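A short worksheet on the structure shown next.
What follows is calculated from the coordinates using simple rules that are stated; it is not laboratory data. Quick caveat: nothing in here was measured; it's all calculated off a predicted structure. All Cβ positions, even for glycine, are placed from backbone atoms using ideal geometry, and neighbour counts span all protein chains on display.
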Amino acid sequence: MPRRRIDVDGNHVPPLIGRTAYRLVQEGLTNARKHAPGQRVQIAIAGRPGSELTVEVVNRPLVGHASGTVPSDGSGTGLIGLAERVQLTGGRLSHEALNDGGFALRATLPWT
């Protein structure tokens, strides 16, 4: 399996934080595809060494389209596992349903 390296504004993100950010984006995209097919997804990654890395995955309904959901298989372990992974880095994870029918997944990870 190839190694994934994340750089932000030319700064290399430490491997543990980079893997955690990668998994957050992966989980956010998986959930959007599974629960909100056809919705637009925005991904934002920002930060700097010595501070924090923020990762945000937000899906929003397409204009003029009702947001639909695909029935869940009930496993629901993706966000739980992700929360544990983020906590192991000393970071914080939040997620919320948005008023417009979208969903936001956000993490703040220490970039030391």
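Worth pointing out:
- FRET E, pair Ile80, Ser51, Förster distance 25 Å, beta-carbon r, rounded to 0.05: 0.35
- A DSSP coil position with no more than 15 other Cβ atoms inside 10 Å describes none of the GluC sites (Glu not before Pro) in segment 1-56.
- Extension gain, Arg40 to Leu16, is 5.8 nm, computed as 0.36 nm per intervening residue step minus the present C-alpha separation.
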